[in-house]
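Read the structure below first, then the notes.
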Amino acid sequence: MKKFATHSWAVREALARREPFDTYGAFHAVEGYHLPFRDRLPHRWREQYIEDGDEIIYTVLSYRTPIAWVLRCGAVVIPDVKYSRTTSGHQGLLYALSEPAEGALAIAAQEERQEARERATRRRQAPTVGTPREPAVAISAEELTWSAVRERAGALEGTPDIVARIDDVLSRRVPVNSGEAAIYSAEYLERKHGNRDRREAA
């Protein structure tokens, strides 16, 4: 089943076309009669929905409560009932049930889809446009040597995964000026643990 943003033009187009859909919220539509449904529908409208049952070709629901339905003859039934703010927002979309399927709603939905495709394309291209990023370079032996780091790592009690993390950093190309490179550099470890050793000696 198609899934849309609740207040999108695509939802309005689906309503105009009487097509089933789901949303990322509580608003959706199904073909035909829908059971079970919540008892938020007032008694007289509940009885009307049940009575119309076999003639219903399309039902629009909010939180599983029918808020509109379409009969085989083309008549649209919209109960005049006041609900929560969210459901009232869903009711505000029901005008689309009376709009032509190939009219302005279809055009707006097509433009919405085109804009979404363009946004997706821009997101995919974002890393390659604009100000070029500083290229990643391998950390040199002077900046991060395995022997120096391994020696300092031995002092890190209670962190058994430190060697694995250092291996991970060393196995990848990490920008020299990145925080990840800095925290595993021999200079940083020497400064950090040297200061700790001096404090303990004092």
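Summary of computed values
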{"read-out": "Solvent-accessible surface (1.4 angstrom probe) belonging to I57, in square angstrom, nearest 10", "value": "70 Å²"}
{"read-out": "Separation of the S98 and D22 label points, Cα + 7 Å toward Cβ, nm", "value": "3.1 nm"}
{"read-out": "For the range 1-117, the spread of Cα positions along each principal axis, largest first, Å", "value": "44, 30, 24"}
{"read-out": "Coil-residue trypsin sites (Lys or Arg not before Pro) of the range 28-107, DSSP, other Cβ within 10 Å capped at 10", "value": "K82"}
{"read-out": "Long-range HN-HN contacts of Y58 with modeled amide H, under 5 Å", "value": "G32, V70"}
{"read-out": "Cβ-defined net charge surrounding P20, 9 Å radius [Lys, Arg +1; Asp, Glu -1]", "value": "-1"}
{"read-out": "Distance (nanometres) between label positions extended 7 Å along Cα→Cβ at L35 and R124", "value": "4.7 nm"}
{"read-out": "Environment charge at I107 (Cβ cut-off 12 Å; Lys +1, Arg +1, Asp -1, Glu -1)", "value": "-3"}
{"read-out": "Where labels lie 7 Å past Cα in the beta-carbon direction, separation of E55 and K3 in nm", "value": "3.6 nm"}
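The values are calculated or read from the model by the stated rules, or taken from the named source; none is laboratory data. Predicted model, so just to flag it, every value in this text is computed and none were measured. Note that each Cβ is placed from the backbone with ideal geometry, even for glycine, and that neighbours are counted across all protein chains shown. Accessible surface areas use protein heavy atoms only, side chains included; no ligands, DNA or RNA. Shrake-Rupley method; radii C 1.70, N 1.55, O 1.52, S 1.80 Å.
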